[in-house]
């Protein structure tokens, strides 16, 4: 029963965490990748990409490459994002790149994934993507963190993340915990052995 409990917990984790992670990072077809080099020097940048309504739904995956031994705020780096077409702004949002646990030195991971954005294309044609540093009250005085490059990958036909499966995932995990606890309670207690001396025969 204990093994079955661990199996239920593993299934719950796989459904609740691994499945949405795989959908966000691997499903869909990449249309294009836009790069914004030397971002810390400019503090902003813009580029264009051709998008079609047939690509819907479109997901934008962001990643940032930090400089080795660069100065970074302690928690995250907020970036303001604006995507517009010929009729105006389609998406206006603030994404973030985590810096928590990131230290200096060449052995530290220098590439971090950022927040994903979902886009519904309205018009076929060129779209302009604009990025800039957003205000950060927890920047420790670092107005322009040492980001070497920001990349934006446009993914066509991206699967929509369904939140409804999180409930059965949680139920599976709870059942697993229950089975493990029950298996421990079901163990037969061995009778106490008397010792020679006091309390013994």
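The values are calculated or read from the model by the stated rules, or taken from the named source; none is laboratory data. The structure displayed is predicted, hence computed values, not measured ones. FYI the Cβ positions are ideal-geometry reconstructions off the backbone, even for glycines, and counts take in every protein chain you see.
Identification of strands (runs of 3 or more DSSP E) wholly contained in region 99-151 with 2 or more residues that are within 15 Å of residue 40 (Cβ to Cβ) and at pLDDT 90 or above yields 125-133.
Given the criteria touching a strand residue (DSSP E or B) at 6+ places or on another chain (Cβ under 7 Å), over 17 Å from residue 154 (Cα atoms) and assigned to a strand (DSSP E or B), does residue 77 qualify? The answer is yes for residue 77.
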